[in-house]
């Protein structure tokens, strides 16, 4: 699908010192905790939706070693985000 208009960015998740890591969705299903407190991995499938279309689905894995750093670059060593799969339906 060709891109029309300006790019938009949104947060998929947030991580805060002392609070852990949490998926930032519009709503949280009852059967999906979406939270990592300390070392752990979380894998979820995402699909962005807008008035004029829907993105391809992407399976994304978040891997956190449980350590916190104030510096963004250092934090990227502790929290690794990977696209595991992407598909159009």
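The values are calculated or read from the model by the stated rules, or taken from the named source; none is laboratory data. Here the structure is a predicted model, which is why all the values come from computation and not from measurement. As a convention, Cβ positions derive from the backbone with ideal geometry for all residues, glycine included, and neighbour counts pool all protein chains shown.
Taking the numbered list (1) under 19 Å from residue 11 (Cβ atoms); (2) in a loop (DSSP other than H, G, I, E, B); (3) in contact with a strand residue (DSSP E or B) (Cβ under 9 Å, 6 or more places away or on another chain) in turn, residue 60 passes all entries but (2).
If you take the residues of the stretch 25-54 that are in a loop (DSSP other than H, G, I, E, B) and either over 15 Å from the mean Cα position of the chain (by Cα) or under 18 Å from residue 76 (Cα atoms) (or both), which of them is modelled with the highest pLDDT?
Result: 39.
The residue that is nearest to residue 19 (Cα to Cα), counting only those in the stretch 63-80 that are free of Cβ contacts under 8 Å to residues at least 24 places away in the same chain and in contact with a strand residue (DSSP E or B) (Cβ under 6 Å, 6 or more places away or on another chain), is 63.
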